[in-house]
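For reference, the structure is listed below as structure tokens.
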Amino acid sequence: EEAAVKHYKKVTVPKKPRNPIDIPKYLEICKPHLSFVVLGHVDAGKSTLMGRLLYDIGAVETGKIRKLKKESESIGKGSFHLAWVMDQTAEERERGVTVSICTSDFETEKSNFTIVDAPGHRDFVPNAIAGVSQADVAVLSIDCGTDAFESGFDLDGQTKEHTILAKSMDVNFIIVAMNKMDSVNWSHERFNDIKQKLGSFFKDLGFREDQIKWVPLSGFSGAGVYKSPYPSEQDWYQGPNLVSTLEEVAHHVGTEAHKDVIDHPFLFSILELINSKKSDEAVVSGRVESGSIQPGEAITIYPSEQSVLVDKILTGREKVQTHIATKGDFVTLKLRQAFPEDIRSGDLGASVDYEISASENFKLQMLTFKMNRPLLPGTPIMLFRGVVEQPARINKLVAIIDKKDPSVIIKNKVRHLASNQAAIVEIELTERKRQIPMLRFDENKHLGRVVLRKDGRTIATGKVLDL
Ligand code: GDP
């Protein structure tokens, strides 16, 4: 028998920041921040592209890149040093019940960026889920090399599954890196051909044209990425390169995020617990999901329900101290009066006057994917929320609803669910030891979103309705 849950000090009265900041004024002057996940088929050039980007922007030390280059040449793979950069700059996240993800920060004159990556298994879907759940937008790398696009884009291709996942998890903006254009001599025809095929797939998924950007580039040579100009063969595209495109999108997303800063509770996803020498200190890194936080304020960590003091906020690659973090920011928090032994990745932090319920049953509005077999009540599944996964069970199929208008009930007595159906179901978390704190979709769009998997396949995504 497990020992009963420990009871920690929980306060509900907010504490004032040590040096209060005028938030509206801050929002006016701060650089926008954008987090993005890089998706695409294995070998589509994702690692090379991110390595190139970080290298050209100056986020990697020259000594490091020289060493990697030497190593890759010694094994006869001269280009690999770029692909390794990501792994070198990324901070590995601890493994637990959570799927590990890591982040790399970089900054340009106009914006701050966080690349969200799932090291080791870039093409492993649970990690893609974790990555997507932490990203504002997706960069989709497409290998434009002859025939490569077709093989990556067949019916069950990763490109497709990744894009479907992203869309179902509210990633509403895609930057298509039309990669390896050097291998087809920057052929405009090839570019258009792929753009047309992919474009109609995006449209079917519900993306609008203004939610997709197409950038021809070569991660390998760097043309179209940051500072390297296009070669003379490419005389048909005058649009912005990848980094300028990211900056445009950051401006747009950043402006939108500001709406969820003032008058919204502070909500924080903990991605990692970092070792600390002080006994009452917990150092956690993660993402601000809504609202804002300043040093001196108190927050409560769930599920352990311990109220802690936010002593310091650190940001960026250099981990410099900052006086505020707002929605969308990836930061490290130094917390005092904490019990780090009961904090894990996947935990949530929240304003002390905001209550997060610990419920093992909830109602889910979900959309099934393509499945081999119909889904029956009682089916055990794996539930993913952000970086956490938990065993769960579909206890009851409540109703089949209209896919376009969820308020319309199509059928009430449901025996099973088929592929591509929208439904209301009741879910029970079957892991009793340590439950993940749940939020409703109307409380937070990111945190109120779950993905269901069974036998290694994604079977549905859903919004948490009632707890
Ligand atoms: P990932 O699996 O998506 O991360 O792909 P990698 O970055 O490891 O690249 C896969 C292969 O494609 C490697 O052999 C790279 O050298 C090659 N590659 C990557 N980018 C380019 C490019 O821009 N042009 C060409 N011609 N080859 C590339």
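The values are calculated or read from the model by the stated rules, or taken from the named source; none is laboratory data. Given the structure is predicted, the values throughout are model-derived calculations rather than measurements. Glycine gets a Cβ as well: all are built from the backbone with ideal geometry, and neighbour counts include every protein chain shown.
Some points to look at:
- If you filter the range 158-182 down to residues that are more than 21 Å from Ser218 (Cβ to Cβ) and among the basic types (Lys, Arg), you find that the one that is modelled with the lowest pLDDT is Lys160.
- One residue stands out in the range 47-65 among those that are part of a helix (DSSP H, G or I) and among the charged types (D, E, K, R): the one that is nearest to the ligand (Cβ to nearest atom), namely Arg52.
- Residues in the range 402-434 that are in contact with a Pro (Cβ under 6 Å, 6 or more places away or on another chain) and within 30 Å of Ser304 (Cβ to Cβ): Thr430, Glu431.
- Residue in the range 274-290 that is surrounded by the fewest Cβ atoms within 10 Å (Cβ to Cβ), counting only those that are small (Gly, Ala, Ser) and in contact with a strand residue (DSSP E or B) (Cβ under 9 Å, 6 or more places away or on another chain): Ser276
- Options Asp342, Asp311, Asp347: the member that is in contact with a strand residue (DSSP E or B) (Cβ under 9 Å, 6 or more places away or on another chain), acidic (Asp, Glu) and surrounded by 21 or more Cβ atoms within 10 Å (Cβ to Cβ): Asp347
To keep it simple, each residue is scored yes or no on (1) under 30 Å from Thr12 (Cβ atoms); (2) part of a helix (DSSP H, G or I).
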{"residue": "Arg190", "(1), (2)": "no, yes"}
{"residue": "Asp193", "(1), (2)": "no, yes"}
{"residue": "Lys203", "(1), (2)": "no, yes"}
{"residue": "Glu233", "(1), (2)": "no, no"}
{"residue": "Val249", "(1), (2)": "no, yes"}
{"residue": "Val261", "(1), (2)": "yes, no"}
{"residue": "His264", "(1), (2)": "yes, no"}
{"residue": "Leu271", "(1), (2)": "yes, no"}
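- Within the range 37-46, at least one residue is in a helix (DSSP H, G or I) and modelled with pLDDT under 90.
- Search result, residues across the range 8-36 that are more than 16 Å from the ligand (Cβ to nearest atom), not polar (S, T, N, Q) and not in a loop (DSSP other than H, G, I, E, B): Ile23, Pro24, Lys25, Tyr26, Leu27, Glu28, Ile29, His33, Leu34
- Against the numbered list (1) surrounded by 16 or more Cβ atoms within 10 Å (Cβ to Cβ); (2) at pLDDT 75 or above, Asp22 comes up short only at (1).
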